[in-house]
Amino acid sequence: MTQKGKIGVTTDNIFPIIKKFLYSDHEIFLRELVSNAVDATQKLKTIASMGDFKGELGDLTIHIYIDKEAGTITISDRGIGMTADEIDKYINEIALSSANDFLDKYKDNAHAIIGHFGLGFYSAFMVSKKVEIITQSYQENSQAVKWSCDGTPEYTIEKIEKESRGTDIVLHIDDENKDFLKKEKIESLLNKYCKFLPIPIAFGKKQEWKEDKHVETDEDNVINNTTPAWTRKPTELKDEDYMNFYRELYPFAEEPLFWIYLNVDYPFALTGILYFPRIKSNIDLQRNKIQLYSNQVFVTDSVEGIVPEFLTLLHGVIDSPDIPLNVSRSYLQSDNNVKKISNHISKKVADKLEELFKKERTQFEEKWDSLKLFIEYGMLSDEKFYDRAKGFALVKNLDGKYFTLDEYKTLIKGNQTDKDGNLVYLYTNDKDEQYTHIDAAKEKGYDILLMDGQLDVHWVGLLEQKLEKSRFIRVDSDTAENIIVKEESAKVDLTDKQKENLEEVVKSQLPKIEKTEFSVDFKSLGKDVRPIQITQNEFSRRMKEMSQMQPGMAFYGEMPDTYQIALNIDSPIIAEIISETETKEKEELTQYANEKKTLHQLIDLALLSNGMLKGEALSDFIKRNYESLKENK
Ligand code: ADP
């Protein structure tokens, strides 16, 4: 006899809602139904382990079948099954207390509906015109039944014969969703959502390469790994297992640097493995995202907002049964458990780095160049992480030595404190271009840091805020004599007229360089120091660098680069020019300068040592020098 009835939803429009609002995420029906099959199978295993089921468990593999001709997909399990009463209770009576209110409130948020109502099973109607449940309970002598519903609230239920315990869910795919009847489509969905489910899932048969073509074997094609590394005890896992699992997750990625095993059970349960990738330079290239699972069911791989931003650079897996499966991103982000997860992971990551630093400093240093971007990013974007990382964040000097911030402070305190008690950290971001300045600074016994990373400009800014009385100055920001001002500098004893004339003479010999401006500075540096040096002010240069990375500061980016020409008035040649020009009229100066060959040569040399002599100016310089070699012969 066939029983007829009406599904107990207090509103008649649940089906249109399911169809309409869930449109974008149709594919999750497969995840929902396979998860149900897994649950039913695990329940049976639990019951059996408690001795309440005495029959044979047998092969518990869940099978997915496509029947193209009939237009159906079947998900078949050998789990606990359902009796007619249970179907009534779990399927017909959807537990909607105040369905209308709720649907009204959440009609724009399909995920919330699914999640709140446990409509997992009903997601089948997103892609089906008819759904059948063919099921037999594990309980002794239970009657197998078939439930059938065509997408209206009416259903039928009838007694049938079924070969064995368990449930087949048969989906009669509707015309708009025929795509799901393609083998490749289902394969890719299983691969996305079910790859690490705890019960074997078989789809089709394994293929074999025989006589130049693929042929099917008798063996089930099991698509999942039921015991992925994160579900195993860390004591069981060897390095190789971590590596293999990484390759399973990201077949094309380079090997990771190291990993962290996460295992928490209070105040929420969470397991996972996070890998540190080898970050080279470009943050945007980190495409292997962290995957979020809930009891081995894939939830999402867009974890922004769920884990702290800088941690999205990591790879790997996080699994927490406390992460609700079916809710929207905004819901996830506001969820308290999820927030705790984020903080916790951040802490764990810092702990692991600290441990590595303390126990294996040499290894830590070897990895530093690859870790640096990640750690600096973390320190810049997460206050708490800054506090945790400040003890193990390293700086590297030009000799390739690594120091913690404290160690480095101790190193330079003696020689690099200025007259106001500020500690001056000297750095370069290009040791070839800034070679002359580096050389000069080294002569003074100064130590120089290499800061050529993508985030270093910002990081230096952050350190200046955090470290007391500390300034970071790029080595070409001033002459070596003045870069760390240790005593009041010697007074420049020139009249205004002398200054004006000298400036005019020097400027007349400067090449035109696009978007570049020069100002002239007079310094008394002693007669042995080079007569002309070119420097670039730290502050304005840094503003420009920052602007290139921050959209709102484009204004600075448009401004020309300003360089200072530092003239050492104590040097014999500059002293000579001063005395030769002090009585000259303005009109005479350019001609004087043109004839003063050494001046031109000194300016070009200063430009050259800053990597600024280019194009025509460089070519002229070379020609001129060849000529003078000939003359000297
Ligand atoms: P949820 O899984 O969130 O409880 P569903 O709508 O997906 O919600 O399923 C409702 C109930 O139907 C399940 O809790 C379970 O009792 C029963 N059920 C669904 N699928 C199966 C199955 N394959 N085998 C046995 N019981 C099932």
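Per-structure values
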{"item": "All strands (runs of 3 or more DSSP E) inside the range 305-423 with 1 or more residues being buried (at least 20 other Cβ atoms within 10 Å of the Cβ)", "result": "315-319, 394-396"}
{"item": "Answer from Thr156, Thr167, Thr152, Thr72 - the residue that is away from the ligand (no atom under 13 Å from the Cβ), among the hydroxyl-bearing types (Ser, Thr, Tyr) and either at pLDDT 95 or above or under 38 Å from the mean Cα position of the chain (by Cα) (or both)", "result": "Thr72"}
{"item": "Selection count where residues are free of Cβ contacts under 8 Å to residues at least 24 places away in the same chain and touching a Leu at 6+ places or on another chain (Cβ under 9 Å), scope the range 344-398", "result": "3"}
{"item": "The range 305-334 - residue that is in contact with a strand residue (DSSP E or B) (Cβ under 9 Å, 6 or more places away or on another chain) and acidic (Asp, Glu) and, of those, modelled with the highest pLDDT", "result": "Asp319"}
{"item": "Enumeration of residues in the range 486-515 that are farther than 30 Å from Arg471 by Cβ and either acidic (Asp, Glu) or at pLDDT below 90 (or both)", "result": "Asp496, Glu500, Glu504, Pro511, Lys512, Glu514"}
{"item": "Hits in the range 216-233 (condition: assigned to a loop (DSSP other than H, G, I, E, B) and buried (at least 16 other Cβ atoms within 10 Å of the Cβ))", "result": "Ile223, Asn224, Asn225, Pro228"}
{"item": "Condition met for Val505 (in a helix (DSSP H, G or I) and either under 37 Å from the mean Cα position of the chain (by Cα) or without any contact (Cβ under 8 Å) to a residue 40 or more places away in the chain (or both))", "result": "no"}
{"item": "Of all residues in the range 120-130 being surrounded by fewer than 22 Cβ atoms within 10 Å (Cβ to Cβ) and within 11 Å of the ligand (Cβ to nearest atom), the one that is farthest from the chain's Cα centre (by Cα)", "result": "Phe121"}
{"item": "Options Ile473, Ile578, Ile574, Ile565: the member that is under 41 Å from the mean Cα position of the chain (by Cα), closer than 29 Å to Glu443 by Cα and either part of a strand (DSSP E or B) or hydrophobic (A, V, I, L, M, F, W, C) (or both)", "result": "Ile473"}
{"item": "Selection count, the range 568-623, where residues are in contact with a Pro (Cβ under 7 Å, 6 or more places away or on another chain), crowded, with 20+ Cβ neighbours inside 10 Å and of a type in the set (Val, Ile, Thr)", "result": "1"}
{"item": "Test: residue in the range 150-170 that is touching a residue at least 24 places away in the same chain (Cβ under 8 Å), out of contact with any strand residue (DSSP E or B) (no Cβ under 7 Å at 6 or more places or on another chain), among the hydrophobic types (A, V, I, L, M, F, W, C) and buried (at least 18 other Cβ atoms within 10 Å of the Cβ)", "result": "no"}
{"item": "Meets criteria (over 29 Å from Ser579 (Cα atoms), touching a helix residue (DSSP H, G or I) at 6+ places or on another chain (Cβ under 6 Å) and aliphatic (A, V, I, L, M)) for Ile473", "result": "yes"}
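The values are calculated or read from the model by the stated rules, or taken from the named source; none is laboratory data. As the structure is a prediction and not an experimental result, all values here were calculated from the model. Virtual Cβ from ideal backbone geometry, glycine too; neighbours counted across all protein chains shown.
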